[in-house]
Amino acid sequence: LAFRLPPNICQCRSFSSAALNIKMPEKKPFQRLPQDLVPSNYSLRLKPDLKTFTFEGYEDISVEVKNATNTVVLNSADIKVSKVEYAAGGQAVTEGIDVSYAPDDETVTFKFPEELKPGSGTLKVTFTGELNDKMKGFYRSKYSSPDGEERYAAVTQFESTDARRSFPCWDEPAVKATFDVTLVVPKDRVALSNMPVKSDEPLKGDDAWRTVTYEQTPIMSTYLLAYIIGEYDYVEDKDEDGVTVRVYTPVGKKEQGQFALEVAVKTLPFYKKYFNIAYPLPKIDLIALADFAAGAMENWGLVTYRETALLIDPRNSSSAARQWVALVVGHELAHQWFGNLVTMEWWTHLWLNE
C-alpha cells in the first residue's frame, strides 16, 4: 500500500553542510582485503580466562601465495598481535616483521623484510584479546548458577563481521577455509565447537585446565565458526540418519530443551529430502545463551539461540511460545544448507540467506 503523509507532518527544512559551515570528513573508498594470499586452513588455539575476561590465542594459517608480496593484510579488531612468523619450503621468516593496525578499517598489516614467493606456506600469529561485553565476537555472557552465584561463560557471535574480534583472519564470506579448533578451558566447564571432540586431555603442567581439540570443519566462511565455554545441561537424540542432536540448556533446566530437540530431530531429515543433500556434519548442537543479541545464529553444527527462542517449559509455556520455538529452530536448521553450504559472495546479499 502506498500513501502520502499530510503536508503538515514531517515537513523538515534541510540544510547543506556548506550552509552550516560544517566540514564533513572525507569518505574513505571501500576496499576488500588483498587476495595476494588466500587461506586454506586455520589451526586455531584459544585459552579464555573467565576471571580477567581476556584470552590468549595462536593460529597456524595454511596459505597459498598467489602473487609475490611483502605485505599481508588481515581483518582484526581489538586484537593485540605479539608475534608473527612465516614458513615455506623449509625456511622461516621470524625477524624484521613490522606489525601495524588500522582500527577504523579493522585490519592488521604484516610487512615482511622480503617478498613472500608464490606457493604454499604457513602464517603463524600469536595474539591476545578481550572477552568483551558487546555481545559480538568472542564475548562474555553473564548467568546465575543454580545457587544464585553470578558467573560467566565465553561465547561467540561472528555474523556479520566479528570473527575478527576473536582472531586475525580473512573475515569475508567468500574467503572460505577449513578450521581445526583447540580450546584450553577450565576442567569443570563444558566446551563446544562446530565439530565433535577429537581429544580431551588435562593441560600439561596444570590440571586445573584441560585441552579440547575438535575434528576439522568443512570448508566454510569465518562468520560460521563458533565456540562456547560454560556450564550447561543437555538432552540428546539421533535423527533417522544417525546424526547426533543435542539441545544445551542452563543447568537444571534440561527438560526445557526437550521440545526443541523433538523439532530438530524431525526437521533435519525433512531438509535432507527437500534439498536432496544430506546434512554433512556428524552432529548438531542447539544451545540457549543468557546474553545474546540476535534471536538465533546458524553456526554450522553449533546453533546459538536466545533462551526464549529455544526453551519451552512443558507445564507453563503457551502454544504461541511453542510455535515460535519451532519456527526459529526450523529456520536455523535450514541455514545449514542455504547460508552455510551455499554462501552469499558479499554481505550485501545476506538477505538471500534469510
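I228 falls short on exactly one of the conditions (1) touching a Phe, Trp or Tyr at 6+ places or on another chain (Cβ under 7 Å); (2) in a strand (DSSP E or B); (3) closer than 19 Å to A296 by Cα, and that condition is (1). Does Y223 satisfy being crowded, with 16+ Cβ neighbours inside 10 Å and not in a strand (DSSP E or B)? When the stated conditions are applied, Y223 passes them. For region 293-311, a residue qualifies if it is of a type outside the set (S, T, Y) and either in a strand (DSSP E or B) or open to solvent by less than 10 Å² (accessible area, probe 1.4 Å) (or both), and the qualifying residues are A296, M297, E298, N299, W300, G301, L302, V303, R306, A309, L310.
Condition test on G301, is it in contact with a Lys or Arg (Cβ under 9 Å, 6 or more places away or on another chain) and at positive phi? Yes.
Residue by residue, here is whether (1) surrounded by fewer than 21 Cβ atoms within 10 Å (Cβ to Cβ); (2) among the hydroxyl-bearing types (S, T, Y); (3) within 26 Å of E307 (Cα to Cα); (4) touching a strand residue (DSSP E or B) at 6+ places or on another chain (Cβ under 8 Å) holds:
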{"residue": "Y143", "(1), (2), (3), (4)": "yes, yes, yes, yes"}
{"residue": "P146", "(1), (2), (3), (4)": "yes, no, yes, no"}
{"residue": "A154", "(1), (2), (3), (4)": "no, no, yes, yes"}
{"residue": "K176", "(1), (2), (3), (4)": "yes, no, no, yes"}
{"residue": "P186", "(1), (2), (3), (4)": "yes, no, yes, yes"}
{"residue": "V190", "(1), (2), (3), (4)": "yes, no, yes, yes"}
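P314 meets all of the listed conditions (1) of a type outside the set (D, E); (2) more than 18 Å from the chain's Cα centre (by Cα); (3) within 22 Å of K176 (Cβ to Cβ) but one, namely (3). With respect to V72, is the statement that it is open to solvent by less than 20 Å² (accessible area, probe 1.4 Å), over 24 Å from Y214 (Cα atoms) and in a strand (DSSP E or B) true? When the stated conditions are applied, V72 passes them. Inspect region 198-205 for any residue being buried (at least 23 other Cβ atoms within 10 Å of the Cβ) and either of a type outside the set (A, V, I, L, M) or modelled with pLDDT of 95 or more (or both) and give the result as yes or no. No, every residue in region 198-205 fails to be buried (at least 23 other Cβ atoms within 10 Å of the Cβ) and either of a type outside the set (A, V, I, L, M) or modelled with pLDDT of 95 or more (or both). Residues in region 231-250 that are outside any loop (DSSP other than H, G, I, E, B) and either modelled with pLDDT under 95 or within 10 Å of A288 (Cβ to Cβ) (or both): V247, Y248, T249. The residue list T267, T244, T211 contains one member that is under 30 Å from G57 (Cα atoms), buried (at least 17 other Cβ atoms within 10 Å of the Cβ) and hydroxyl-bearing (S, T, Y), which is T211. Could you please let me know if Y101 is aromatic (F, W, Y) and either over 30 Å from A290 (Cα atoms) or open to solvent by 30 Å² or more (accessible area, probe 1.4 Å) (or both)? So Y101 passes the test. When restricted to residues that are among the aliphatic types (A, V, I, L, M) and modelled with pLDDT of 95 or more, region 1-36 contains 1. Taking every residue in region 227-240 that is of a type in the set (V, I, T) and pairing it with any residue that is part of a loop (DSSP other than H, G, I, E, B), at least 6 positions away or on another chain, the pairs with Cβ-Cβ distances below 6 Å are I229/R189. Within region 275-298, the residues that satisfy the criterion of being acidic (D, E) and touching a Lys or Arg at 6+ places or on another chain (Cβ under 7 Å) are D285, D291.
Residues that are β-branched (V, I, T) and not in a strand (DSSP E or B) occur in region 172-183; there is at least one. Within this structure, K134 fails the test of being within 25 Å of R45 (Cα to Cα), in a strand (DSSP E or B) and open to solvent by 90 Å² or more (accessible area, probe 1.4 Å).
Pairs are defined by a Cβ separation below 6 Å, a sequence spacing of at least 6 or placement on different chains, a first member in region 328-354 that is under 21 Å from R306 (Cα atoms), and a second member that is of a type outside the set (V, I, T) and in a strand (DSSP E or B); the pairs so defined are V328/A296; E332/A296.
Conditions (1) assigned to a helix (DSSP H, G or I); (2) open to solvent by 30 Å² or more (accessible area, probe 1.4 Å), marked per residue:
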site	(1), (2)
D291	no, yes
D313	no, yes
L327	yes, yes
G330	yes, no
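When the test is whether a residue is on the phi > 0 side of the Ramachandran plot, at pLDDT 95 or above and open to solvent by less than 90 Å² (accessible area, probe 1.4 Å), G89 does not pass it.
The values are calculated or read from the model by the stated rules, or taken from the named source; none is laboratory data. Everything numeric in this text was worked out from a predicted model, so none of it was measured. Please note: Cβ atoms are built from the backbone with ideal geometry, for glycine as well, and neighbour counts cover all protein chains shown. Calculation scope for accessible area: heavy atoms of the full protein, side chains included, ligands and nucleic acids excluded. Shrake-Rupley method; radii C 1.70, N 1.55, O 1.52, S 1.80 Å.
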